[in-house]
Amino acid sequence: MSGCPFSSGASTPVPNTETSEDMSTSHIVQEEKAQLDFSQSMSYGDYLQLDAILNAQKPLSPDHNEMLFIVQHQTSELWMKLMLHELKAAIQHIEQDDLPDAFKMLARVSQIMAQLVHAWDVLATMTPPEYSAIRPYLAQSSGFQSWQYRCIEFSMGNKNAAMLMPHSHRPDLHSVVEKAYCAPSLYDVSLKLLARRGLAVPTSYLERDWRQAYAANSQVEEAWLVVYRNHKQYWDLYQLGEELADLEDAFRLWRFRHLTTVERVIGFKRGTGGTGGVSYLRKMLDVVLFPEIWSLRTSL
């Protein structure tokens with residue numbers, strides 16, 4: 001019996017510090033016959049080449065927060081690699097009149113964009129003093145110079161010859177970006193599909209210099225209006241229009257979060273790539289990729 005005056009007389013249970021086999025997870029691993037020896041077979045890390053990926057972060061500054069900056073941009077580049085993979089395939093499927101597969105790929109691209117939008121939330125945890133500590137080490141490197149992002153912009157129709165210049169020092173990358181610049185965009189092949197279905201798309205929009213930026217056209221809007229006013233008859237084309245709207249909607253959100261994150265972290269300082277930073281990003285918000293997909297809604 002305890003000598004404590006507040007004791008109820010019951011003995012205090014002593015915690016069991018020993019972990020029994022039933023309380024652990026080791027027996028589960030054994031029961032499920034999980035493979036544990038990879039000395040003679042390919043492991044998870046081998047398949048994903050994690051040694052190369054996880055050793056690709058090389059901070060140049062002594063600051064703790066540079067790792068966040070590097071990982072943020074490297075993961076974004078990986079997502080953009082997948083975006084390009086899906087966009088290229090979607091364009092090919094539209095050219096082949098294979099819309100179900102194209103829809104799946106475009107939906108995936110929109111979800112990747114959503115992932116990239118939320119990634120800005122992580123970078124926004126970097127405060128202005130923290131970014132200022134690493135900025136001198138970035139020199140003139142900037143996301144403005146991302147060749148994958150430029151291919152995405154070109155594939156979606158935002159053509160600008162000047163954007164080839166940042167890659168002129170790398171002939172291998174320049175040729176890849178130039179190929180995207182010279183090829184018909186996602187919207188271009190969509191309009192050619194409308195024409196193949198008998199809709200009145202101007203000939204000048206079916207065979208043109210694909211290097212030129214797209215300009216809105218009232219006849220193209222009328223063609224899309226036929227689709228939207230008769231959506232049961234043109235269901236797959238109607239769905240294509242909405243996939244394009246979803247994609248540009250997601251792209252606009254990404255641009256907006258890019259702008260707000262940059263303004264939050266560096267204010268109105270010029271960007272490391274030489275642009276006005278916030279001023280440049282604000283102007284990019286006004287770029288419309290698929291103009292008739294949006295303007296037609298006023299006429300419905």
Longest segment of the chain lacking GluC sites (Glu not before Pro) that sit in a DSSP loop with at most 11 other Cβ atoms within 10 Å:
33-206
With a 1.4 Å probe and all protein chains in place, put 64, 93, 167 in order of accessible area, largest first.
64, 93, 167
Calc'd 3J(HN,Hα), the range 59-66, phi into Karplus 6.51 cos²θ - 1.76 cosθ + 1.60 (θ = phi - 60°), Hz, glycine/Pro = x, comes to x, 9, 9, x, 7, 4, 7, 5
Just how far, in whole angstrom, is the range 226-300 from the range 40-60 if you go by their alpha carbon centroids?
36
Helical mean residue ellipticity (222 nm; -39500 (n - 2.57) per DSSP H run of 4+; nearest 500) of the chain
-18500 deg cm²/dmol
May I ask you to derive the FRET efficiency for residue 233 and residue 283 from their Cβ-Cβ distance with R0 = 41 Å, giving the value to the nearest 0.05?
0.55
For the chain, what number of Lys pairs, 8 or more residues apart or on separate chains, have alpha-carbon atoms under 26 Å from each other?
21
Percent of Cα pairs exceeding the 17 Å cut-off, where the set is the range 105-148:
57
In the neighborhood of residue 124, defined by Cβ-to-Cβ distances under 14 Å, what is the net charge if each Lys or Arg adds +1 and each Asp or Glu adds -1?
-1
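Evaluate E = 1/(1 + (r/R0)^6) for residue 28 and residue 57, where r is the Cβ-Cβ distance and R0 equals 41 Å; express this FRET efficiency to the nearest 0.05.
In this case the efficiency is close to 0.75.
Could you give the size of the charge dipole of the range 70-119 about its Cα centre, using +1 on the Cβ of each K and R and -1 on the Cβ of each D and E, expressed in debye and rounded to the nearest 20?
That gives a dipole near 220 debye.
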Stretched fully, the stretch from residue 124 through residue 165 gains (0.36 nm per residue minus C-alpha distance, one decimal, in nm) 11.8 nm
Contour minus Cα-Cα distance for residue 111 and residue 71 (0.36 nm per residue)
12.4 nm
Report the one residue of 219, 230, 260 whose Cα lies farthest in the direction of the positive end of the charge dipole of the range 208-279 (charges on C-beta: Lys and Arg +1, Asp and Glu -1; origin at the Cα centre).
260
Report the extension gain between residue 298 and residue 97 in nm, rounded to one decimal, defined as 0.36 nm multiplied by the number of residues separating them, less their alpha carbon distance.
69.5 nm
Given [x] 64, 47, 37; [y] 98, 52, 51; [z] 78, 43, 40 as candidate values of Cα extents along the principal axes in Å, which corresponds to the one derived from the coordinates?
[y]
Listed residues 146, 155, 24; largest mean-square fluctuation, Gaussian network over the chain with Cα springs below 10 Å, found at 24
The chain: longest segment with zero exposed trypsin sites (Lys or Arg not before Pro), where exposed means DSSP loop plus at most 10 other C-beta atoms within 10 Å, is residues 34-231
For residue 277, the residues 5 or more places away or on another chain with a placed amide H closer than 5 Å to its own amide H are 271
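Which of the chymotrypsin sites (Phe, Trp or Tyr not before Pro) found in the range 199-300 are loop residues per DSSP with 11 or fewer other Cβ atoms within 10 Å of their Cβ?
Answer by residue number: 268.
The values are calculated or read from the model by the stated rules, or taken from the named source; none is laboratory data. On a predicted model such as this, the values are computed, not experimentally measured, just so you know. Don't worry about glycine lacking a Cβ; one is built from the backbone with ideal geometry, like all the others, and counts go over all protein chains shown. For accessibility, only protein heavy atoms count, side chains too; no ligands or nucleic acids. Shrake-Rupley method; radii C 1.70, N 1.55, O 1.52, S 1.80 Å.
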